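K.L.:
After the structure tokens below, expect a handful of questions from me.
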Amino acid sequence: MAEVEVQRILVDDVREFIAEKWKHSECELCGTDRWMSYPEPTEYIYLTVGSGHGPVVFSAQATVAFLPLSCINCGNLRLIDGRTFEQWRRTKELGATTSSR
Ligand SMILES: [Zn+2]
């Protein structure tokens, strides 16, 4: 396999992740399959986690990262759990590192 010197950008990994994981890439609302992610370095959104008494403040565990993908046609929003995505990314990078070094 050829050297992989070009630094992969996030959007490449997002496309690869979707191609590997999603069985149905069509938007469930409008039926098109064109999704837009936000460009680095602002690719993630963070949701605040809380109890019934309101959000937990000043805690590292109080936010969860998601990768937003919005339908270019209708604006429908999908959120990929950042932990799932980053774990997949690390596993993939490990595979690439062991085969090229
Ligand atoms: Zn749509």
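K.L.:
What full-extension length gain, to one decimal in nm, is calculated for residue 79 and residue 63 as 0.36 nm per residue of separation minus the Cα-Cα distance?
P.N.:
Extra length from residue 79 to residue 63 when fully extended: 4.3 nm.
K.L.:
Provide the gained length on full extension for the span residue 92 to residue 12, in nm with one decimal, where the gain is 0.36 nm per separating residue minus the Cα-Cα distance.
P.N.:
27.5 nm
K.L.:
Expected output is a single nm value to one decimal: the length gained when fully extending between residue 21 and residue 38, i.e. 0.36 nm times separation in residues minus the C-alpha distance. What is it?
P.N.:
Full-extension gain reported as 4.2 nm.
K.L.:
Okay, next question. If each residue's Cβ is checked for other Cβ atoms within 10 Å, how do 23, 92 rank with the fewest at the top?
P.N.:
23, 92
All of the numbers you see were taken from the coordinates with simple rules; none came from a lab. Remember, it's a predicted structure, so these values are computed and weren't measured experimentally. Cβ atoms come from the backbone with ideal geometry, glycine included; neighbour counts cover every protein chain shown.
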